[in-house]
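The values are calculated or read from the model by the stated rules, or taken from the named source; none is laboratory data. Everything numeric here is computed off the predicted structure, so don't read it as measured data. Neighbour counts run over all protein chains shown; Cβ positions are idealised from the backbone, glycine included. Please note that ligands, DNA and RNA were not included when accessible areas were found on the heavy atoms of the full protein model with its side chains. Shrake-Rupley method; radii C 1.70, N 1.55, O 1.52, S 1.80 Å.
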Amino acid sequence: MISRNSPCSCGSGRRFKHCCGSVARDLSPRLEALDAHNAGALAKAEALYRTALAENPDDLGVSRLLGILLMSRLRYREALEILLETTEKTEWAIPKARASLQAALARMLTSKTNRRQAQLLEDFVAWEASLRRQEVGGDPPLVSVVMAVSPHGAHVAESVLSVARQTYPNIELIVLCPADETRKVVQACLDEVQLPTRFVCLEDSTIPMAFNEGAALAQGSYLAFLDANDRYAPDRIARLVDEIAQREARWGFSLVREASEGKLDDRTSGPADVFRQKQHALLGKTSNSFAFLAGNAAISSGNIFVERAFFQTLGGFRDFVCNHGWDFCLRAVALAEPLVVREPLYFCRDLAGGANIQVQQMERQERDQIVGQCLADTLSGSGCANALAPQSPDNRLLALKWALESGFGHLLPVSTLRELARDLLAEAEASKAGEDTADSRGRKGRTALVVLGMHRSGTSALSRVLNLCGAYLPKNLRPAKLEVNARGFWEPENVIELNDRMLTQLGGAWNKVDFELPEEGGLVEAFIEDARALLATEYGNADTILIKDPRICVLIPLWHRALVAAGYRPVYVVPIRNPLEVAQSLHARGDMGIAEGLKLWQSYMRHVVEFSANCADVAFVRFADLLDDWRGLIVRVAGQLSVPLDCEGRAMEV
C-alpha cells in the first residue's frame with residue numbers, strides 16, 4: 001500500500017495525500033479516468049481526463065496521463081504537444097513527466113529516422129561485404145592473449161586450458177594475477193602449457209588496469225583478452241584472425257554463449273541464454289557500431305579482439321569497474337567499425353546475478369557516464385571518423401532516437417530535448433493538412449489485402465511480393481534486421497503498435513496468445529476506432545492496400561470489423577509453411593524451444609482457421625509455392641480474391 005506521504009504514482013510531483021489520495025477527489029473525473037484507462041476504455045478515459053483538466057488546468061498529473069493515453073492511441077503529435085507543455089510547467093524536474101515526453105519523442109522520431117536506419121544498414125552490409133571479399137593472405141600474425149585473473153579465481157584452469165587448446169599456432173599468453181594464493185594455481189596451470197607465456201603478479205590492480213599492463217608487454221600485432229572466469233572455443237583465435245585481422249579490420253568480436261559447467265566447447269544453447277538473447281536484440285538492426293548505443297553488444301571486455309596499435313591509440317581501457325569493455329567499444333566505434341564473427345566463440349559466466357546494491361548502483365553510474373559522453377560527442381558532431389557510427393553528424397537524429405528508446409533520454413540536455421520537440425511539432429503542423437484524410441474513411445469500393453500467418457511462415461516475403469504487384473504499403477515500415485528479415489518486414493509501425501497495445505491489455509504478447517478476445521466493450525470500441533483512424537492516416541485513398549503483422553492472426557475479428565467500418569472489402573492471404581521449419585526458425589533466433597514454437601504455431605493457426613470458416617474471401621497458399629512459382633501463386637490469389645495484381649510491372653524486383 002502506498003504511503004500518504006509518498007510521491008503520487010500519477011507523476012504529478014505532489015504527495016499522494018495531496019493528489020490522488022485526497023478524500024475530496026475520490027469521486028473526481030481524475031480517478032474515473034484512471035479506472036477507465038486501466039480497463040482499456042480509452043475513449044471514455046480521454047473524455048474524463050479532458051473534463052478533469054477543464055476543472056483544473058494545472059493538474060499536471062492528469063495532463064501527463066492524457067499525453068500517455070494519446071500516445072497509446074497513436075496520436076503522437078497531440079501527445080507530444082501536451083507532454084512538452086506538462087514538462088515545461090514542471091521545469092523538467094519531475095522524472096515521470098520527462099520520461100513520458102522522451103517516449104513521445106522516440107515515437108515521433110521513428111517515422112522520421114526509419115529511412116535513415118534502412119540506408120545505414122544497407123551501407124553497413126556493403127562495407128562488410130567489401131571486407132569479406134578481400135583475399136586472405138600474408139603471414140599469420142602473432143596474437144597476444146592477455147588474461148586477467150580476479151582474486152580467488154575459481155575457473156583459472158579452464159581459462160588457461162582453453163587458450164592452450166587453440167588451433168591457431170601463433171599465440172603468446174600473458175597472465176596477470178593478484179599476489180594472493182591464486183598465483184600458485186595459475187603457475188601450476190602455466191607449467192602445463194606449451195605456449196610462450198608471461199606471468200605477472202600485480203598488487204592492488206583492477207581488471208582493466210591489468211589488461212592494460214598486459215597489453216603493454218604484448219608483442220603481437222593483435223590483442224585478444226580473456227577474463228579468467230571465461231573461456232575460448234578451440235578455434236576462436238583462428239576464426240578471429242581469418243575474419244578480422246586478415247581483412248585488415250581494426251577490431252571486432254564474436255558471439256557469446258553462457259559457459260556450461262564441465263564443457264570447454266559447447267556452442268549450443270537454449271533460448272534462455274541471456275548473452276545470446278542480448279546480442280540478438282542489439283545486433284543486426286543497423287551497423288555494428290550503433291548496437292553499442294543501446295548496450296554492450298560485445299558482452300565482455302574479454303570478447304574484444306583488437307589491433308594493438310589501435311588499442312594504444314585509444315589509451316586502452318579506462319578504469320571503470322563494471323563497464324570498461326563497453327566504454328572502450330563506444331570510444332572505438334567513433335574511429336573504426338567493428339566486424340562481428342557470427343558464431344559463439346567466447347563462453348562467459350553471468351556473475352551479475354549476485355551483485356549487491358552498491359555494485360548495481362556503480363554499474364548504473366558508469367553506464368550513464370560512458371553513454372553520456374557518447375551522446376555529447378554525437379551532439380558536438382566532431383571527432384568521428386566512422387560514417388557508420390552513432391557519433392557521425394549524418395546519424396544524429398537516429399542516434400537520438402536510439403538513445404531515447406534505450407532509456408538514455410535523461411542523459412540528453414534539456415535544451416536538446418526542447419529543440420527536438422519543437423522541431424517535430426512544427427513539422428507535424430506543416431503536414432497536418434495533408435494528413436487530414438477523415439473524409440475518405442467511409443469511401444466504398446476499396447480492398448484491404450491482409451496477410452495472415454504465424455511468425456517465420458514467409459509472411460514478409462509474401463507481403464513484399466504482393467506490394468510489388470500493386471498492393472499499397474505506407475512509408476512508415478519497421479526496418480529490416482540482419483539474420484531475421486534482412487530484406488525487410490513490410491509491417492507498418494503503427495499497425496504493430498496498435499496490435500501490441502491490444503495484446504498487452506488482454507494480458508498477452510506476440511508469443512502468448514492464450515486469452516479470450518472480447519466481442520464488445522470499451523476495449524473493443526477503442527481498438528476499432530483507432531484502427532479506423534490508422535487506416536485513414538496511413539493508407540489515405542489507395543484503392544488496394546496491404547496490411548501485414550502476424551499478431552493480426554489473433555486479433556482478426558476486430559480488424560475485420562474495423563476494415564468494413566472504414567469502407568474496405570477485406571480479403572485474406574494465409575501463407576502455410578511446414579510448422580517444424582517455423583519452430584526451428586524461432587529457436588534459431590533464440591525465441592523459444594522447438595516444442596514451444598510448435599505449440600505457438602498451432603495457437604496462431606487455430607485463430608486463423610476459426611475465422612476462415614466464416615469468411616469466404618480467404619486464400620491459403622504454400623510458402624514453398626511462392627519460392628517455386630511466384631507468378632502462378634499471385635495469379636491464383638488475384639483470381640480467387642478478385643484483387644487487381646500485376647505480375648510483370650516490377651518482376652525484376654520480385
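Consider only pairs whose beta carbons are under 7 Å apart and that are at least six residues apart or on different chains; among these, list those whose first residue lies in region 602-626 and is more than 12 Å from Val637 (Cα to Cα) and touching a residue at least 24 places away in the same chain (Cβ under 8 Å) and whose second residue is open to solvent by 20 Å² or more (accessible area, probe 1.4 Å) and of a type outside the set (D, E, K, R).
Correct list of pairs: Phe611/Pro557; Phe623/Ile576.
Being touching a residue at least 60 places away in the same chain (Cβ under 8 Å), touching a Ser or Thr at 6+ places or on another chain (Cβ under 8 Å) and open to solvent by 20 Å² or more (accessible area, probe 1.4 Å) is true for just one of Arg116, Arg98, Arg77. Which residue is that?
Arg98
Quick check on region 338-356. Is at least one of its residues among the aliphatic types (A, V, I, L, M) and more than 24 Å from Asp273 (Cα to Cα)?
Checked against the condition, which is being among the aliphatic types (A, V, I, L, M) and more than 24 Å from Asp273 (Cα to Cα), region 338-356 yields no hits at all.
Looking at Leu645, Leu627, Leu633, which one is open to solvent by less than 90 Å² (accessible area, probe 1.4 Å) and more than 24 Å from Val564 (Cα to Cα)?
Leu633
If we scan region 597-614, do we find a residue that is modelled with pLDDT of 95 or more, open to solvent by less than 40 Å² (accessible area, probe 1.4 Å), of a type in the set (Ser, Thr, Tyr) and not in a helix (DSSP H, G or I)?
Checked against the condition, which is being modelled with pLDDT of 95 or more, open to solvent by less than 40 Å² (accessible area, probe 1.4 Å), of a type in the set (Ser, Thr, Tyr) and not in a helix (DSSP H, G or I), region 597-614 yields no hits at all.
Does Cys384 meet the test of being under 19 Å from the mean Cα position of the chain (by Cα) and either without any contact (Cβ under 8 Å) to a residue 40 or more places away in the chain or under 23 Å from Leu283 (Cβ atoms) (or both)?
The answer is no for Cys384.
Does Val621 meet the test of being open to solvent by less than 20 Å² (accessible area, probe 1.4 Å), over 29 Å from the mean Cα position of the chain (by Cα) and more than 22 Å from Asp543 (Cα to Cα)?
yes
For Glu405, indicate whether it is farther than 24 Å from Leu120 by Cα and open to solvent by 20 Å² or more (accessible area, probe 1.4 Å).
no
In region 562-572, is there at least one residue being assigned to a strand (DSSP E or B), among the β-branched types (Val, Ile, Thr) and more than 16 Å from Leu600 (Cα to Cα)?
yes
Scanning region 529-545 for residues that are of a type in the set (A, V, I, L, M) and under 20 Å from Ser463 (Cα atoms), which turns out surrounded by the most Cβ atoms within 10 Å (Cβ to Cβ)?
Only one residue fits best here, namely Leu535.
Within region 39-67, track down each residue that is under 20 Å from Gly522 (Cβ atoms), in contact with a Gly (Cβ under 9 Å, 6 or more places away or on another chain) and not basic (Lys, Arg).
Scanning region 39-67 gives Ala39, Gly40, Ala41, Leu42, Ala43, Ala45, Leu65.
When you go through (1) in a helix (DSSP H, G or I); (2) touching an Asp or Glu at 6+ places or on another chain (Cβ under 6 Å) one by one for Ala638, which number turns out not to apply?
(2)
Which residues, counting only those in region 65-96, are part of a helix (DSSP H, G or I) and either touching a His at 6+ places or on another chain (Cβ under 8 Å) or closer than 13 Å to Val414 by Cα (or both)?
Selection gives Leu65, Leu69, Leu84, Thr87, Glu88, Pro95.
May I ask you to say which residue of Ala309, Ala281 is modelled with pLDDT under 95, on the phi < 0 side of the Ramachandran plot and either in a loop (DSSP other than H, G, I, E, B) or surrounded by fewer than 24 Cβ atoms within 10 Å (Cβ to Cβ) (or both)?
One residue alone meets the criteria, Ala281.
Run Trp490 past the list (1) closer than 25 Å to Arg464 by Cα; (2) modelled with pLDDT under 95 and report the number of the one that doesn't hold.
If we test Trp490 against (1) closer than 25 Å to Arg464 by Cα; (2) modelled with pLDDT under 95, just (2) comes out false.
Among the residues of region 42-64, count how many are part of a loop (DSSP other than H, G, I, E, B) and open to solvent by less than 20 Å² (accessible area, probe 1.4 Å).
Result for region 42-64: 1.
Report whether or not Phe347 is surrounded by 24 or more Cβ atoms within 10 Å (Cβ to Cβ) and touching a residue at least 60 places away in the same chain (Cβ under 8 Å).
So Phe347 fits the description; yes.
In region 410-445, what residues are in a helix (DSSP H, G or I), open to solvent by 70 Å² or more (accessible area, probe 1.4 Å) and modelled with pLDDT under 90?
Of everything in region 410-445, those that are in a helix (DSSP H, G or I), open to solvent by 70 Å² or more (accessible area, probe 1.4 Å) and modelled with pLDDT under 90 turn out to be Glu429, Ala430, Lys432, Ala433, Glu435, Asp439.
If only one of Ala297, Ala336, Ala291 is under 30 Å from Leu586 (Cβ atoms), open to solvent by less than 20 Å² (accessible area, probe 1.4 Å) and in a loop (DSSP other than H, G, I, E, B), which one is it?
After ruling out the rest, the residue left standing is Ala297.
So is Asn323 in contact with a Lys or Arg (Cβ under 7 Å, 6 or more places away or on another chain), polar (S, T, N, Q) and either surrounded by 20 or more Cβ atoms within 10 Å (Cβ to Cβ) or on the phi < 0 side of the Ramachandran plot (or both) or not?
yes
Pick from Leu580, Leu498, Leu523, Leu517: which is out of contact with any strand residue (DSSP E or B) (no Cβ under 7 Å at 6 or more places or on another chain) and open to solvent by less than 10 Å² (accessible area, probe 1.4 Å)?
Result: Leu498 is the single residue among Leu580, Leu498, Leu523, Leu517 that is out of contact with any strand residue (DSSP E or B) (no Cβ under 7 Å at 6 or more places or on another chain) and open to solvent by less than 10 Å² (accessible area, probe 1.4 Å).
Which of the strands (runs of 3 or more DSSP E) contained wholly in region 137-244 include at least 2 residues that are closer than 20 Å to Phe347 by Cβ, at pLDDT 85 or above and open to solvent by less than 60 Å² (accessible area, probe 1.4 Å)?
Per the criteria, 143-148, 171-178, 222-227.
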